[in-house]
Structures are given as structure tokens and as C-alpha cells.
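In what follows, a structure is listed as C-alpha cells, so that the remarks can point back to it.
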Amino acid sequence: MMNDLLGRNYFGNSIYDYLVVSVTFLVLVSVVIFIKVFVVGRLRNLARKTETTFDDFLVGHIYQTLLPFVLFFAFYLSVKTLVLPGFAGRVIYIFGLILVAALVVRFVLSLLDYALKSYALKNPNADVRNLSLKTVMLAAKIFVVVVAAIILLDNMGVKISALVAGLGIGGLAVAFASQAILGDLFSFFVIIFDRPFDTGDFIVIGEFMGTVEHIGIKTTRIRSLGGEQLVFSNTDLTNSRVRNFKRMERRRVVFKFGVTYQTTSAQAAKIPAIVKEIISGLADTVFDRAHFFSYGDFALIYEVVFFVLGSDYNKYMDIQQDINLRIKEEFERHKIDFAYPTQTIVMSSK
């Protein structure tokens, strides 16, 4: 009686076959649940104890991506033993392709998002960081989805040769028409990832200089010292020599002054030591040298070199002003006179 019941045939398969498939699927699901609760759960606890975040990312995506795929694979293995109508097998196959494609796209985009966020966290400028993330992720989503759709359609038996050729021709036409825009877009990515400058940096490009206010997808805007806004295309910036004064760790300063020819040899010999003592006594300065440089037309020329620690221009000017005032004070104390342009006219009577 039981054999007759189990041997009954429905849709080309016996009840016994359906029971075997059901038991096989339940066993595989039990294995997946065991792995999820005990193995993956333990991995998650271990990942939380580490300082890195990449292991947390991987364990999280085992839950979100790998387990749904394993569950479908268990179902696919179970029903594979059954005799299925042509359309049913086709539906399961197509559904499997769509599921795998969706999970792979989701994992790839999540991995790219994690990598970009990890890289962007090194960028101290929040506006540039958010703009770069949004721009790159939008381009990545479009690219990954289009590639995944083409591969999916090809595996489903759709002839995509003509479609790919049409997209290629159309892409070339669009590329030629928007060559300048695409060039600025690629230059934007170069600026974001190579980071020759950030918002707030003081830069010089040729004869133009100013503080970077905004880094956009097509243009970068700079506020000049005169107050007007300078707009550069990103391609112009990547093709130019950019001097970034914000990245300057110390500023080398060279200045000269002259004293009169009436200065005695003893006084002239003291001047380098006087200047050295003044500069060495100031904070955030490193003295390099001070020398009697040359004989000028109306003065004994001295050259002084020192370094200001930092890139702030106002700080440099404050230090230079302090040095100038102290030199004048010391020269007055030592009765040393600064030179100024003079002419001596010798008149003779005949």
C-alpha cells in the first residue's frame, strides 16, 4: 500500500522523488542555518575584536550575499533530480542567473563603496570627499549594472552583438561630441585621487594665484588676492604646473640690506653676528646664514637667509617685520647707518 502511494506519478515524478527532494532541501537548509549561526556568528564576534574594518565588511556580506546564494544553490541541487517541464527548468535557470547577477553586482558595488570611503576618509575636506564619493559611485553603478546586464542577456541566449556594436558607435559619437567635458571629468578624478591640492589651499598657476574655494566635476574655483573669483577647467589645472603653498612645511626667506661706506671694518664684521642673534632668538625660525655679500654703488650689501616654520604668509610677514625692527634697533645702538641712494658731485674751478 505504501509502495503504491509513494510510486504514484505526478508531472513525471513520483511522490517518493518529491519526498527525497524535500528531505534533501531541508538537510541543506539545516546545514546553511548551522553555518550561519555557529560559524558565521563566531566569525562576526572575532571581526568585532580586530582594529580593521575590512573583516567586518566581509563577514557582513556573507550574511547579505553569500547565504542567499547558498540557499538558492541548495534548492537548485534538490530539484535537479526531478524531471521538470521545459519551461519550469528554464524559469529556474533564468531566476538563478538573475539572482547571481544581482548578488554579484551588489557585492562589487559594496566593495567599491567601502574602498572609496576608506580612501576618502584620508581627505580632510568633507565637501570634496562627499562629492567624489557621489560622482565615482554613480559612474561605477552605471558601469557595473550595464556590464552585468550585457553578461546576463548573453547567458540567457539573447543576441547582443548588434546591441554592443550600436552602443559602441553611439558611445564614440557621444565621446567626440563631449570630449572637453569628459576630459574635465577625468581630470576631476585625477585631482580627487592624486590630491595636488584641496579646498582651502593657496595655489599659484602661472600668473594667477588664490585660495581654492570649490573643486567641481568640470571646473575648479579660486578666490584671488584681489577678491575676484577665478574659474579654471580641471583639464587646465592638471596640465599646468601648480605651486601649492599650503603644503609648504617651511618657507625659505632671502633678504638683503645695505650699510654706508662710512661703516668701519669692526662694525661690518659684527653685523652677521648681530643678525644671527636676532633671528635665532625668534620662535618658529631657523637661521641659515648672514654674509657681507658685495660692494654696491652706494652701500655695503649684506645677504641673510633663514627659514620660517609653516606656510602662513601673515606669520612670515610678522616675523620679517620683527626682524627688521630689531635690526634697526641694534644698528642704532651700535651706531651703524643704513645706506640710501646718494650721489657725490665734485666741482672744480678752472
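Candidates in the stretch 111-149 are the residues that are basic (Lys, Arg) and under 10 Å from the mean Cα position of the chain (by Cα); of these, the one that is modelled with the lowest pLDDT is Arg129. Within the set Lys276, Lys246, Lys256, the sole residue that is under 16 Å from Arg326 (Cα atoms), among the charged types (D, E, K, R) and surrounded by 14 or more Cβ atoms within 10 Å (Cβ to Cβ) turns out to be Lys276. With the structure loaded, tell me whether Ala266 is surrounded by fewer than 17 Cβ atoms within 10 Å (Cβ to Cβ), of a type in the set (A, V, I, L, M, F, W, C) and in a helix (DSSP H, G or I) or whether it fails that test. Taking the combined requirement at face value, the residue satisfies it. Screening Asp288 with (1) surrounded by fewer than 13 Cβ atoms within 10 Å (Cβ to Cβ); (2) in a strand (DSSP E or B); (3) in contact (Cβ under 8 Å) with a residue 12 or more places away in the chain gives one miss only, at (1). Is it the case that some residue within the stretch 258-278 is under 30 Å from Val212 (Cβ atoms) and out of contact with any Ser or Thr (no Cβ under 6 Å at 6 or more places or on another chain)? Checked the stretch 258-278: no residue is under 30 Å from Val212 (Cβ atoms) and out of contact with any Ser or Thr (no Cβ under 6 Å at 6 or more places or on another chain). Taking the listed residues Asp322, Asp236, the one that is within 28 Å of Met209 (Cα to Cα), outside the structural domain of Ile205 (by TED's automatic domain parsing) and part of a helix (DSSP H, G or I) is Asp322, with no other qualifying. Screening the candidates Asp201, Asp154 for the property of being at pLDDT 75 or above and of a type in the set (Asp, Glu) yields one hit, Asp201.
Within the stretch 292-319, the set of residues being surrounded by fewer than 11 Cβ atoms within 10 Å (Cβ to Cβ) and part of a helix (DSSP H, G or I) comprises Asn314 only.
The values are calculated or read from the model by the stated rules, or taken from the named source; none is laboratory data. Just so it is clear, the model here is predicted, and its values are computed rather than measured. Reconstructed Cβ throughout: ideal geometry from the backbone, glycine too, with neighbour counts over all protein chains shown.
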